[in-house]
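See structure below.
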């Protein structure tokens, strides 16, 4: 187990390095940062010297080595666009994204699990079918459109929620949270709802399928024969058995929630990492893009590692090595 | 050395082809399975969804024949007739049943052609990711060891690059590499590759998991004993047993791919507006949401939602129908 | 374990929702006094006023810092930190400085600060070097008198000085900010999050890419015409979200209102659109430099070298329909590359008329009765409805049989491709230009005079159009001090460009601000928003 974990850790490190390298090689294709950094009437000489100073003319491997060298010391450079150390920017934006992603996940769970259970128990009822169609409809429209429609309804027509932003934030140590202020909580509702739709559908489907499977097992038939109430069977026994795969999938999905947040954050102008990333892409702000990718890579790899270790515990068959 | 490599490449290719053939045969065998067919007709929702998908696919295929206007033909656009409402509204024009967009393009025609583009992108992207994912997943699961671990680590790397980013990068790379890029339909290729690449990991994971389980079964050991090659075992024996989940994934990912195409156009890497897809139409209409020109977003939005919903429902039904644990 | 955790987590999740839903709507901010919140599509890019020569950043910093002169509501130059000035000789300007002015940190303003700022603006990292011609000597005569000794006469020396801000020497030295924070800086500059000036407002907090908070400066030497205590600048990039924020009352003003939403905003109960002419001109470039176009099916020759083809393109474009249908009336068609506000004489120049029949005839005469194919490069996130304009142009050119494929790109890629970085890898494209000095010389030397294939010369002349007569005129305009004669020369240059159809000017964009009806403000044609002119009721 320990050897496995260490090996996976080393592999994870290699993955992150690979992400960084690929990102680096490809960044030269996303555009020219220089044009956004100089005034429109900057002379050609100024532009060329700026390219040189940024090291954009150096061989790509040299640029990469320099980047890794600095990154190892926690220095991700300075954003071309915002003139701030990237580390500060990320520290500033990271809490916003995590809070949004967690809130979305909570909404998805709070709505998805009951819906999944209900649609499994009442498999053929009208309500179940409508619920299933409804959850699927939520992922059949692009996020940006749903976001704009929600803004229109709740902010413009009803005037009950803000159209954008994160509201007031309070600092707890380095972590700036919007969860402790009224305006922060109000601002969270719409983006979290928008972001939760995809996970909600996923969780509903997953819980439903797992429940359907479990409900057919002998174990449940036996419980029923013992005369336990339906309620105790459904929630006490069946649901509990579906939770391992649900937790696994949620773990694996958390990374993709963070990635999905790119669109939600740009619609709601939520000051998180996704918004920062998409702005960086538009301006070809290489240091920000690189740091973001490494962070997201790190997140993915950590979660993957945890899930793999979890699997190993659950299913010993997978412990066998190569043939 | 080179000859051997090419021979082995040939063997791999023929193995792959045989595998795909086998895949179809297995699929057809399952299709003929009366249970499946019966359960299909028992589910009114599935029938309705299938009919909707079929109707839209047909309309899209026939677009050049039935559309009143060719939206690709710039000469047929008249800017003076831009932003007209649907024909039944007072200011509407009978020639444009569903109104026109901001460039004077007939929405109905654009919708027909756009559905075609969206379907082509969606189906191709799904085929691409399934092909990559199934192959790599089988290999990782069957061969295991270093190669298997390597593949799964590559999968981790891939997961780090969301479709959006992959699209941005491929788009940029294509621009840098091909001089004539965007002269023709290359944007299609970029979208297909981007969405396809971003999606293969799920297939690989699913197939690998199944292959790991299958590998330890007796029939595989027996096949190996009588000297059947690994490729044959992978594609002939293991693959058919993983097809159910792959088919379900593919259906649901088709819906996802179509929606992703729309999202990418919101982020500025979709098809150019002169080549309408449902995504670009929604993106353009989205800008007119507040201005009262609701028809620019409502019709493509409705079409996209219907298509994605129907495909999703088919996928859901398929998942239940193919799940052996749910057999009565 | 997992069940209980999930149940707990679910309960918390459910608990959060209803609470957040039922709160009453509070004011946009809890800070005291009159708070003005506005949403802009971009952000303040740097607080070091010499790092970046960018209109919005410098314009906004103009509320915090001041130059020796500034411009009034009609863009006329008026005294600011200099109370008066005189030209002792054509090459010697004397400035008499305002007394009793204090920087936000309390340090007094004097001639030393002017000399220091003049030196600092010439440092390597500065992008504002052109504010003071190279070789200029800045001499302190006494604490409140400074002389600028120029190498050559310069009639427009102070035209860009509203945004050459004077910094406090003492503050800069104390904060180790004497060096300009270069765009390539790798360490945190003191200017990253704070700034110090003499202006009517001070920066309280700067969160890059999110918002900047300003507070009124009670010790300002001037008189606040408005009544604001605090200003919050908020970045909202997505157009629809920005409009929604205004309609919902979350902000007091937005810049810009997307042109298609103008009617919607005007229909709102508490908001209106404040529109006015802007100084940016949008125009099309045709590659008339290469011997063969890069992106066309015409081989062995370049059709754009023929003035008849360029004229045909010009005359095939129905600018009025573009401006009514795509710009929704928020643009003024033009025959010039500069706003008539900045060069009133130019308004006598008329566009080549929209005439498809004539355009077809010209194409036939030039030997292209069946047209040719062409790729048009176009930004899609830089100017108002830029990609839409390109598509409309493409559709219009199809009427003279030119088959145009529009290649719309985000600005970071567009300027790389069509500009000097890739050696003008484009055959036909759209750009916009605002002369920073508000003067035609800036337009001519950047976008019209000849360039070589690498971009030496008119770097922003993306089509490579070249007429040596215009270059010669530009040389004369540079040193001509007689305004009447100078205008004559400028008009001649524009006339030559027009006769050559060297570029196709389209229109000047309009400013469109969405403003709450509680707000009175002044919209200057250069788009600068001065907080001290804003009143909130």
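The number of residues in segment C:259-290 that are under 21 Å from residue C:326 (Cβ atoms), out of contact with any strand residue (DSSP E or B) (no Cβ under 9 Å at 6 or more places or on another chain) and surrounded by 19 or more Cβ atoms within 10 Å (Cβ to Cβ) comes to 2. Is at least one residue of segment B:137-154 buried (at least 16 other Cβ atoms within 10 Å of the Cβ), within 30 Å of residue C:410 (Cβ to Cβ), within 14 Å of chain A (Cβ to nearest Cβ) and in contact with a helix residue (DSSP H, G or I) (Cβ under 9 Å, 6 or more places away or on another chain)? Looking through segment B:137-154, at least one residue is buried (at least 16 other Cβ atoms within 10 Å of the Cβ), within 30 Å of residue C:410 (Cβ to Cβ), within 14 Å of chain A (Cβ to nearest Cβ) and in contact with a helix residue (DSSP H, G or I) (Cβ under 9 Å, 6 or more places away or on another chain). Inspection of segment C:414-434 identifies no residue that is crowded, with 20+ Cβ neighbours inside 10 Å, farther than 30 Å from residue A:281 by Cα and in contact with a helix residue (DSSP H, G or I) (Cβ under 9 Å, 6 or more places away or on another chain).
Residues are listed down the side, and each one gets a yes or a no for (1) more than 23 Å from residue C:174 (Cβ to Cβ); (2) touching a strand residue (DSSP E or B) at 6+ places or on another chain (Cβ under 7 Å); (3) surrounded by 19 or more Cβ atoms within 10 Å (Cβ to Cβ):
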residue: C:97; (1), (2), (3): no, yes, yes
residue: C:102; (1), (2), (3): no, yes, no
residue: C:105; (1), (2), (3): no, no, no
residue: C:117; (1), (2), (3): no, no, yes
residue: C:122; (1), (2), (3): no, no, no
residue: C:130; (1), (2), (3): yes, no, yes
residue: C:137; (1), (2), (3): yes, yes, no
residue: C:141; (1), (2), (3): yes, yes, no
residue: C:146; (1), (2), (3): no, yes, yes
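Does any residue of segment A:94-106 turn out to be surrounded by 17 or more Cβ atoms within 10 Å (Cβ to Cβ), more than 28 Å from residue A:178 (Cα to Cα), in contact (Cβ under 8 Å) with a residue 60 or more places away in the chain and touching a helix residue (DSSP H, G or I) at 6+ places or on another chain (Cβ under 6 Å)? Taking every residue of segment A:94-106 in turn, none turns out to be surrounded by 17 or more Cβ atoms within 10 Å (Cβ to Cβ), more than 28 Å from residue A:178 (Cα to Cα), in contact (Cβ under 8 Å) with a residue 60 or more places away in the chain and touching a helix residue (DSSP H, G or I) at 6+ places or on another chain (Cβ under 6 Å). Evaluation of residue C:74 against the conditions (1) at pLDDT 80 or above; (2) under 19 Å from the mean Cα position of the chain (by Cα); (3) surrounded by 15 or more Cβ atoms within 10 Å (Cβ to Cβ) shows that the sole unmet condition is (3).
Checking the structure you have, find out if any residue of segment C:330-345 is at pLDDT below 95 and in a helix (DSSP H, G or I). Yes, there is a match, as at least one residue in segment C:330-345 is at pLDDT below 95 and in a helix (DSSP H, G or I).
Residues of segment C:476-489 include at least one that is buried (at least 20 other Cβ atoms within 10 Å of the Cβ) and in contact (Cβ under 8 Å) with a residue 40 or more places away in the chain. Among the residues of segment B:80-89, which ones are in contact with a helix residue (DSSP H, G or I) (Cβ under 8 Å, 6 or more places away or on another chain), modelled with pLDDT of 85 or more and closer than 26 Å to residue C:319 by Cβ? Matches in segment B:80-89: B:85 only. Every condition in (1) more than 9 Å from chain A (Cβ to nearest Cβ); (2) crowded, with 23+ Cβ neighbours inside 10 Å; (3) touching a helix residue (DSSP H, G or I) at 6+ places or on another chain (Cβ under 9 Å) is met by residue C:410 except one, and the failing one is (1).
Of the residues making up segment B:101-137, those that are modelled with pLDDT of 90 or more and more than 30 Å from residue B:153 (Cα to Cα) number 15. Surrounded by 22 or more Cβ atoms within 10 Å (Cβ to Cβ) and not in a loop (DSSP other than H, G, I, E, B), is that true of residue C:293? Here the answer is no, as residue C:293 does not meet what is asked.
Looking across segment A:72-86, the residues that are surrounded by fewer than 20 Cβ atoms within 10 Å (Cβ to Cβ) and more than 10 Å from chain C (Cβ to nearest Cβ) come down to A:72, A:73, A:74. Please work out if residue C:459 is more than 18 Å from residue C:155 (Cα to Cα), in contact with a helix residue (DSSP H, G or I) (Cβ under 8 Å, 6 or more places away or on another chain), within 12 Å of chain A (Cβ to nearest Cβ) and touching a residue at least 60 places away in the same chain (Cβ under 8 Å). Spelling it out, it is not the case that residue C:459 is more than 18 Å from residue C:155 (Cα to Cα), in contact with a helix residue (DSSP H, G or I) (Cβ under 8 Å, 6 or more places away or on another chain), within 12 Å of chain A (Cβ to nearest Cβ) and touching a residue at least 60 places away in the same chain (Cβ under 8 Å). Within the span defined as segment C:92-106, every residue fails to be free of Cβ contacts under 8 Å to residues at least 24 places away in the same chain and in a strand (DSSP E or B).
Within segment A:269-281, the set of residues being over 23 Å from residue A:75 (Cα atoms) and either over 16 Å from the mean Cα position of the chain (by Cα) or at pLDDT below 75 (or both) comprises just one member, A:269.
Summed over segment C:52-67, residues that are assigned to a loop (DSSP other than H, G, I, E, B) and out of contact with any helix residue (DSSP H, G or I) (no Cβ under 6 Å at 6 or more places or on another chain) total 7. Screening residue B:251 on (1) within 30 Å of residue B:25 (Cβ to Cβ); (2) within 8 Å of chain A (Cβ to nearest Cβ) shows it passes everything except condition (2). Under the condition of being assigned to a helix (DSSP H, G or I) and touching a strand residue (DSSP E or B) at 6+ places or on another chain (Cβ under 8 Å), which residue from segment A:55-99 is nearest to residue A:23 (Cα to Cα)? Across segment A:55-99, the extreme among qualifying residues is A:86.
Looking across segment C:306-322, the residues that are surrounded by 20 or more Cβ atoms within 10 Å (Cβ to Cβ) and assigned to a helix (DSSP H, G or I) come down to C:309, C:310, C:311, C:312, C:313, C:314, C:315, C:316, C:319, C:322. The set of residues from segment C:198-242 being under 27 Å from residue C:384 (Cα atoms), at the interface with chain A (Cβ under 10 Å from one of its Cβ atoms) and touching a strand residue (DSSP E or B) at 6+ places or on another chain (Cβ under 7 Å) comprises C:209, C:210, C:211, C:234, C:235, C:236, C:242.
With respect to the conditions (1) in a helix (DSSP H, G or I); (2) closer than 19 Å to residue C:55 by Cα, residue C:118 falls short on a single one, namely (2).
The values are calculated or read from the model by the stated rules, or taken from the named source; none is laboratory data. Just so we're clear, the structure is a prediction, and the values are computed from it rather than from any experiment. Neighbour counts are summed over all protein chains in view; Cβ atoms, including those assigned to glycine, are modelled from backbone coordinates with ideal geometry.
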